[in-house]
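Here's the structure we're looking at; comments come further down.
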Amino acid sequence: MHEMALAQGIMDLALDEMRKHNAHGIERIEVEYGALAGIMPEALELAFQTLTMGTQLSGAELVLIIRPLLLRCHACGAEFRGGHADDIWQPCPRCGEDLGHRLVRGRELILKRIHLATGP
Amino acid sequence: MEIPVVRNVFEHNEREASSLRDLFAQKGLLVLNLIGSPGAGKTTLLERTLGELAGRFRMAVIEGDLQTDNDARRVAATGAQAVQINTHGGCHLNSSMIRSSLKHLDLDGIDILFIENVGNLVCPVEFDCGEDAKVAILSVAEGDDKPAKYPLLFNSARAMVLNKTDLLPYVDFDTQKALNQARQLNANLEIFEMSCRKGTGLGPWHAWLGQMLAAKRAGELHFG
C-alpha cells in the first residue's frame, strides 16, 4: 500500500511534466531512490503498472535507480557514503565512531528524467 | 526526447506538511507523530498521558486506523478532543488527511496535538504530517532487534518510548541491546522506559512533553 501511494506520486508528476511539454505519451520514467527510502523495487513497479493501466502512461517503462547513503559522523563530522541500507551501521572511516551517524542523503525519492514518446 | 526533471515524488505531501507546520507554529501548538507496531501500546500511552496531564495541558488526538473508531472512543473517554481517520487499507497517514481532520478540532483550545499513526514501523516514517517530532513506540514483547530491523524510524525519531517493561520477566528482551542499537542509529534519541498498563515510568515522559511545549512556544524547536 505504501508503494501504491508512491506510484501515485510518480504518476502525478509524470503526467504534469507530460502536459507541460505538450507530449502525447511517455516511454520511460527514471526514478532515483535512496538506499534507506524503504522502497521495494518489485512492489513499486507492480503498483505503477497497475495504476497506469488504461491511462496515458500505460506501457511506460519505470526505471528505478538506487542512490547511495550519505552519512555524517556524529563525532568528527566526516561525510562518507554507503551503497547499502546496512551501511548506516558502519564505523566512520575517519575516526572509527559507530554511534549515531546523521543521514544526510538516502531516504529521497526523485523523478529524475522522462523520455517523451515521439509522434502521436 | 529526453527531459531532465528532478522533482521530489513526495513534493505534494511535503508542501502540505510544511503549510500545516506554519499553521501549528502560529497557534503555538506542539505536534507529535506517534509511530509503532500494532499493539505496541500507542493508545494506552495516550490514555495515560491525557489522563495524568489533563490539568496541565490541553490535548487532542488524531487517531489513524484502517478500520473502527475504537481508539478515538478510548482517548475521548479521558475528556480530550479526538478525531478518527479510517484509512480503509492505507498503511499510513499523510498531510492531506491531517488537514481534513483539523476541521473537527478546536486548535485554539489545545496545547499539544498527538497524531497516532497507523500501526506500522515502515510507511508512516516516509510521510511527513507537519509534526514537530516523531516518537517511536516499541514494546518489549516485540523483540529487541526492532531498531536494527527498522532503522529509518529510530533514525528519524526524536524520542523513543520502550513500553511494557512490566513484561520483562516473561520475555527474552535484552533492553541494553535494543537501546544500544537505537542510540547507534540516533545519538540524540530521548528514551523513556515505562509500563503504560501499570502506569510506571511516565514521569520523565511527562516532563519531556512540558519541555518540548516550552521550546515550541519559545520558537526554539526545529523539525528534523
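Computed from the coordinates by the stated procedures, all read-outs in this text should not be read as laboratory data. Keep in mind the model is a prediction, meaning the values are calculated, not measured. Here Cβ is always computed from backbone atoms with ideal geometry, including for glycine, and neighbour counts include all displayed protein chains.
Sort A:Asp86, B:Asp172 so that the residue with the fewest other Cβ atoms within 10 Å of its own Cβ comes first and the one with the most comes last.
Lowest to highest Cβ neighbour count: B:Asp172, A:Asp86.
Rounded to the nearest angstrom and ordered from largest down, what semi-axes does the equivalent ellipsoid of the stretch A:7-51 get from its C-alpha gyration tensor (root of 5λ)?
Over the Cα atoms of the stretch A:7-51, the ellipsoid semi-axes are 22, 12, 8 Å.
Over chain A, calculate the relative contact order: mean separation of alpha carbon pairs under 8 Å at least 6 apart, over the residue count, as a percent.
Contact order relative to length: 36 percent.
Considering only C-alpha atoms, what is the centroid distance from the stretch B:78-101 to the stretch A:74-90, in Å?
35 Å
So who's got an amide H within less than 5 Å of the one on B:Ile85, skipping anything under 5 residues away but keeping other chains? H placed 1.01 Å off N, in plane.
For B:Ile85, whose amide H was placed from the backbone, the distant partners under 5 Å are B:Glu63, B:Gly64, B:Asp65.
Rank the residues B:Ile98, B:Ile35 as a footprinting-exposure proxy: fewest other Cβ atoms within 10 Å of their Cβ go first.
Listed from fewest to most nearby Cβ atoms, that is B:Ile98, B:Ile35.
Taking the C-alpha atoms of the protein assembly as shown, how large are the radius of gyration and the largest Cα-Cα span, Dmax, in Å?
Here Rg and the maximum Cα pair distance are 21.2, 70 Å.
Go through the stretch A:46-59 residue by residue and turn each phi into a ³J(HN,Hα) via Karplus (6.51, -1.76, 1.60, θ = phi - 60°); whole Hz please, and just put x for glycine and proline.
Karplus values, whole Hz, x for Gly and Pro: 4, 4, 5, 4, 5, 5, 7, 3, x, 9, 5, 9, 4, x.
Largest first and to the nearest Å, give the Cα extent of the stretch A:1-75 along each principal axis.
Projected onto the principal axes, the Cα atoms of the stretch A:1-75 cover 52, 26, 16 Å.
Which cysteines in chain B lack any other cysteine whose Cβ sits under 4.7 Å from their own Cβ?
That list is B:Cys129, B:Cys196.
Run the numbers on chain B and let me know its relative contact order in percent, using alpha-carbon pairs under 8 Å that are six or more apart.
24 percent
Using the Cα atoms of the stretch A:31-120 to build a convex hull, what is its mean projected area in square nanometres?
6.8 nm²
Which cross-chain or sequence-distant (5 or more) residues have an amide H under 5 Å from the amide H of A:His74, H modelled 1.01 Å from N in plane?
A:His101, A:Arg102
Starting with the fewest neighbours, write out B:Glu193, A:Glu27, A:Glu3, B:Glu116 ranked by other beta-carbon atoms found within 10 Å of each beta-carbon.
A:Glu27, B:Glu193, A:Glu3, B:Glu116
Going from the alpha-carbon gyration tensor of the stretch B:24-142, what semi-axes, largest first and in whole Å, does one get by taking the root of 5 times each eigenvalue?
20, 17, 14
Report the antiparallel proportion of the DSSP beta bridges in chain B as a percent, rounded to a multiple of 5.
5 percent
State the answer as a single residue: which of B:Val6, B:Ile137, B:Cys91 lies farthest towards the positive end of the charge dipole of chain B, with beta carbon charges of +1 for Lys and Arg and -1 for Asp and Glu, about the Cα centre.
Value: B:Ile137.
Rounded to the nearest 20 Debye, what is the dipole magnitude of the stretch B:72-197 about its Cα centre when Lys and Arg each give +1 and Asp and Glu each give -1 at the C-beta?
Dipole of the stretch B:72-197, to the nearest 20 debye: 240 debye.
For a distance above 18 Å, tell me the whole-number percent of Cα pairs in the stretch B:37-107 that qualify.
Distances greater than 18 Å cover 38 percent of the Cα pairs.
Can you tell me the 0 to 90 degree angle between the C-alpha axis of helix A:2-20 and the longest principal axis of chain A, rounded to 10?
Between the helix axis and the principal axis of chain A, the angle is about 60 degrees.
Would you report the distance distribution of C-alpha pairs in the stretch B:106-224 as whole percents per 5 angstrom bin, up to the bin with the largest distance?
2, 10, 20, 22, 21, 15, 6, 3, 1, 0
Suppose R0 equals 41 Å; then what is the FRET efficiency for B:Lys27 and A:Thr118 from their Cβ-Cβ distance, rounded to the nearest 0.05?
0.20
Given that compact globular proteins tend to follow 2.2 N^0.38 Å, what is the ratio of the alpha-carbon Rg of the stretch B:131-196 to that value?
1.02
With N residues in the stretch B:87-147, what two-decimal value do you get for its Cα radius of gyration over 2.2 N^0.38 Å?
Relative to the 2.2 N^0.38 Å estimate, the stretch B:87-147 comes out at 1.30.
Go through the stretch B:91-104 residue by residue and turn each phi into a ³J(HN,Hα) via Karplus (6.51, -1.76, 1.60, θ = phi - 60°); whole Hz please, and just put x for glycine and proline.
The phi angles translate into 8, 7, 8, 10, 5, 5, 5, 5, 3, 6, 7, 5, 5, 8 Hz.
With no solvent and one equal point scatterer per Cα, compute the Debye intensity ratio I(q)/I(0) for chain B at 0.12, 0.13, 0.15 Å⁻¹ and report its log10, rounded to two decimals.
-0.62, -0.73, -0.98
Consider just the alpha-carbon atoms of the stretch B:1-86 and return their Rg together with their Dmax, both in angstrom.
Radius of gyration, then largest Cα-Cα span, for the stretch B:1-86: 17.3, 64 Å.
Of B:Lys103/B:Lys149; B:Lys27/B:Lys198; B:Lys164/B:Lys216, which sit over 32 Å apart, Cα to Cα?
Those over the limit are B:Lys103/B:Lys149; B:Lys27/B:Lys198.
Tell me the mean residue ellipticity at 222 nm calculated for chain A from its helices only (DSSP H runs of n ≥ 4, each -39500 (n - 2.57), averaged over every residue, nearest 500).
After summing the helix terms and dividing by the residues of chain A, the value is -8500 deg cm²/dmol.
Which order do the peptides A:35-45, B:14-24, B:41-51 come out in when sorted by mean C-beta neighbours inside 10 angstrom, highest first?
In decreasing order of mean packing, A:35-45, B:14-24, B:41-51 become B:41-51, A:35-45, B:14-24.
In whole Hz, what ³J(HN,Hα) sequence does the stretch B:166-176 give by Karplus (6.51, -1.76, 1.60; θ = phi - 60°), x for Gly and Pro?
Whole-Hz 3J(HN,Hα) from phi for the stretch B:166-176: 5, 8, 3, x, 10, 10, 8, 10, 8, 4, 4.
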